[in-house]
Amino acid sequence: MKTYLLSFSLGGLFASSGAAWLFLALPMALVVAAFKSKRVFCLMSVALLGSSWVLINLALVEQSALGANEKPYRDTVEGSISRITQKTNKTEFDLNTLTGKIKASCYRCQLNFREGEQWHLALRFKPILNLHNPDGFNYRRWMLSKGYVVSATVDSKSPLNKILHSPGVTLRDYVSETVNVKRTPILRALLLGDKSGLEADDQRLINRAGISHLFVVSGLHISLAALFVVFIFTWLQRPWVIRHWRYSQAISLALGLMVAFLYGYLSGMNTPAIRALIMLVCALFILWGKRNLSAFVYWLLALVFVLVVSPLAFTGLGAWLSFGIVLALIVGMSGMKGEIDSSPGVSRIKMFVLTFKRYLFYLFRAQWFAFCGGAIILIVFNVPVSPISFVLNICLIPVVSLFVVPLAFVGVATALLSDTTILLFCEQILVNFIRFMNAFEGTVFSFFMIHDENRYLVVISFLMLLLPRSLFIYPLAALSLLLALNAKPGYPEVGAFKLMVFDVGQGSSALITTNSHSILVDTGYGKKGSLGMTDYVVLPYLRKKGVTQLDKVFLTHDDADHAGGIGALKSQYKSITRQGSCREESWKWDEVIFHQFQSPDYKVGNNGTCLLRVESKNGASVLFAGDIEKKAERSLIKHYPQLLQSDVLLV
């Protein structure tokens, strides 16, 4: 049975990863297997069933969603409100309707929404679109996997908007108000997984440090809540256990499961919480039945259950990290229950020391396996890997698990009774920790330089580091990793340049690379305090191409859709040219000529755009004209007729 479950899981995982070739190859392999081995035929049939299940669900979701080429339209709809997020001048929420889930936004909203309310709303619908960048994040597929079928904007001034039903104040409302965005933003992110209150710099720091999993309602948080309750009620029932009370474990596990579901409900039952609950339910039911099964079987049952219940979960990074790291921890902790010398001549102190050293070794090994396994998954998804995350997780996971989270639970409970002392104390601990990390951000929180030229070699190196020590392959793995990380990315020849124009929606951003230099022209949209297109599009591409330091950032003008993302780059550039400091100047990098200039009649606004012309050694040229308008165009034709001639014009 275990083998068949594994086959089903592998089929589903391959289909989720986009390996459509597997779906085409499996039927042919089935025909061959039918003449070779009945068992192989059955296993491949189950794998085909798993991949078919995922692909069929993906096709159904795509069919139910508004097509990417469909035009926006207006209509009214009824639905229930959930997952409200307050941002500057904007309220975002989910609208659950009979036809699917809508991702709705209300700008400068005059309506007051509460979770659980039923509303009749006038909306402007538009399809969920994807940015078309090479190997970029597939936003549409990610949103469809979460159940969204369309995005919409609320016409807040429409007389058709009206509330149909209000459920009254719920426990979730009380908890959300207690751990609110303004008073305890970091604690809210830790306990409820809502990062909307975190500053953009704090979110970047958490991602760079490799501890973002602590700020998602995951198996760690839900398991801690359940185990805390199981421990308390097991301890409270000790007098009855002595009197042969047979229901101690059953009652403790049932209460722990109830608390886990309550926590998932309070956090909004998002996708990570649902995955964690499924894994916990599988483990607790097997424990309840007193089955002597390995941890791997628990993990495999939870994996199959998630693929059946939520077949699109593995189209995104989150599920891969959740199950991948748990599997790495299981493998790393295997063998911990081995025999320890307990002969009569061994003292209790020595027994304690031996046991402690054994547990410490396996905990270290488990964390090492989790780091290497997580690194492989992150590299495949083109997400940066921080070497310091290994040390941070070894230190932080026990502290967060055994101190911060339990204390925060107590703080929330006391705050609901109107005493916020413990809650604010926990928030201050987290604030001080973030400040401490910020002090070392520039020197400690760096990434492995992983790009297209060394990506597969780095993955192979980490895979070798997961192999048993008995193979004596660690020195080779270390050497392989060292060589891979020192591999230079590919650059254009001297005299040539490469132009990459990013799809950043409204706005502009482009990267020019020569043989040894790089310049970013505009950053795309962004605003202070929020993540922008630089975070989602530009920086991932720079990492992918091995560009760790920009020689120059060139901002054509100061509009938010061209210069708003400069804050995300921080110290990743040597110099910057802004609209206000634009003077006519030319320079040469690797035989490529750059010339910047501006209309002498205009210095601000769109007409004051700072233009950049780039020309290769063989005469190929491109001109960045920003958002200039007719008046500036006439002025430039008068003063710079030669510089305006180019093969490519970007406006």
### Task
Determine by what factor the alpha-carbon radius of gyration of the chain differs from 2.2 N^0.38 Å, reporting the quotient.
1.10
### Task
Using only protein heavy atoms and a 1.4 Å probe, report how much of F361 is accessible, in Å² to the nearest 10.
90 Å²
### Query
Under the Cβ-under-4.7 Å rule, which cysteines of the chain stay unpaired?
C42, C282, C372, C395, C426
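For K603 and R83, what is the calculated FRET efficiency with R₀ set at 45 Å and r taken between the beta-carbons, to the nearest 0.05? Mind dumping the intermediate values first?
Values: r = 46 Å, r/R0 = 1.01.
With a Förster radius of 45 Å, E is 0.50.
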### Task
May I ask you to rank H595, H221, H132 by accessible area, largest first, using a 1.4 Å probe over the protein chains only?
H132, H595, H221
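For the chain, with every protein chain kept in place, what is the accessible area per residue (1.4 Å probe, Å²)? Don't skip to the end; give the middle numbers.
Numbers: 34210 Å² over 651 residues.
That works out to 53 Å² per residue.
May I ask you to compute the full-extension gain from E584 to D173, defined as 0.36 nm times their residue separation minus their alpha-carbon distance, rounded to one decimal in nm?
Details: separation 411, 0.36 × 411 = 147.96 nm, distance 5.84 nm.
Fully extending the segment from E584 to D173 adds 142.1 nm.
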### Message
If I take the Cα coordinates of the range 380-442 and project them onto the principal axes, what are the three extents in Å, biggest first?
### Response
46, 24, 21
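How much mean residue ellipticity at 222 nm does the chain get from its helices, if each DSSP H run of length 4 or more adds -39500 (n - 2.57) and you divide by all residues, to the nearest 500 deg cm²/dmol?
On the way: 24 runs with 309 residues, N = 651.
The helix-only estimate for the chain comes to -15000 deg cm²/dmol at 222 nm.
Given a 1.4 angstrom probe, I'd like the percentage of the accessible area of the chain that is carbon and sulfur, rounded to a whole number.
Details: 21540 of 34210 Å².
Here carbon and sulfur together make up 63 percent of the probe-accessible area.
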### Query
Computed on alpha carbon atoms, what radius of gyration and Dmax characterise the range 392-512, expressed in Å?
23.3, 71
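Compute for the range 111-180: radius of gyration divided by Kirkwood radius, i.e. Rg/Rh, restricted to C-alpha atoms, rounded to two decimals. Working shown, then result.
Working: Rg = 16.6 Å, Rh = 15.1 Å.
Reported Rg/Rh, Kirkwood definition of Rh: 1.10.
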### Query
Considering amide H positions built from the backbone, and no H for Pro or chain starts, which residues 5 or more places from C610, or on another chain, come under 5 Å of its amide H?
H557
### Query
Would you list Y525, Y4, Y174 from the most to the least accessible area, probe 1.4 Å?
Y174, Y525, Y4
### Message
At 1.4 Å probe size, what's the solvent-accessible area of M269? Round to the nearest 10 Å².
### Response
70 Å²
### Summary
Stretched fully, the stretch from Q428 through L649 gains (0.36 nm per residue minus C-alpha distance, one decimal, in nm) 74.4 nm
## Note on the structure
Taking the convex hull of the alpha-carbon atoms of the range 71-138 and averaging its shadow over every direction gives an area in square nanometres of 5.8 nm²
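The values are calculated or read from the model by the stated rules, or taken from the named source; none is laboratory data. Note that the structure is a prediction, hence the values are computed from the model and not measured. Neighbour counts are summed over all protein chains in view; Cβ atoms, including those assigned to glycine, are modelled from backbone coordinates with ideal geometry. These area figures cover heavy atoms from the full protein model, side chains too; ligands, DNA and RNA do not enter into them. Shrake-Rupley method; radii C 1.70, N 1.55, O 1.52, S 1.80 Å.
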